[in-house]
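A.B. asks: One structure follows; several queries about it will come next.
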Amino acid sequence: MPQVEEVLFSLDTPADVMSAVSSVTVDMREALELGVLPPSGRPLPAVPGGYVSAMPRGLGLVEFHETATEKGERGFYLARVIRTRRLSRRVLTPPVVP
């Protein structure tokens with residue numbers, strides 16, 4: 001999640017997006033405690049273990065992947081934030097650094 005954190009804490013990221021992503025993260029945490037997927041999580045076709053979930057207030061989507069922690073416990077990795085507003089779409093993913 002370090003790359004996503006860089007984008008979220010950027011001065012260009014609106015506070016409403018940060019709030020919405022935080023809300024989704026809480027839903028993911030609660031789902032892990034219950035041993036289920038987040039309620040709004042939908043499988044991503046052709047991405048094994050990949051899911052997409054709607055952010056509150058219609059701000060966009062988050063992509064997350066099911067993974068395992070260092071201790072072998074089930075976990076989720078926040079992979080991407082896709083912000084939508086009106087007809088425009090802005091994908092908040094960091095540049096790839098070699």
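The values are calculated or read from the model by the stated rules, or taken from the named source; none is laboratory data. As the structure is a computational prediction, the values presented were derived from the model and not from experiment. Counting neighbours? That spans all protein chains shown, and the Cβs are built from the backbone with ideal geometry, glycine included. With ligands, DNA and RNA removed, areas are computed over all heavy atoms of the protein, side chains included. Shrake-Rupley method; radii C 1.70, N 1.55, O 1.52, S 1.80 Å.
A.B. asks: Could you check the simple spin-label distance between Ser40 and Tyr77, using points 7 Å along Cα→Cβ, in nm with one decimal?
C.D. replies: Here the answer is 2.3 nm between the modelled labels.
A.B. asks: Let me ask you something else. Report the extension gain between Thr84 and His65 in nm, rounded to one decimal, defined as 0.36 nm multiplied by the number of residues separating them, less their alpha carbon distance. The partial results should precede the final answer.
C.D. replies: Numbers: separation 19, 0.36 × 19 = 6.84 nm, distance 2.04 nm.
Additional length available on full extension: 4.8 nm.
A.B. asks: If Leu61, Leu11, Leu34 are ordered by their accessible area, calculated over protein heavy atoms with a 1.4 Å probe, which sequence runs from highest to lowest? Don't skip to the answer; put the middle values down first.
C.D. replies: Working: Leu61 65, Leu11 175, Leu34 135 Å².
Largest accessible area first, the residues go Leu11, Leu34, Leu61.
A.B. asks: Take the alpha carbon atoms of the range 7-85, find their radius of gyration, then divide it by 2.2 N^0.38 Å using N residues; give the quotient.
C.D. replies: Values: Rg = 12.7 Å, N = 79, 2.2 N^0.38 = 11.6 Å.
Normalised by 2.2 N^0.38 Å, the Cα Rg of the range 7-85 equals 1.09.
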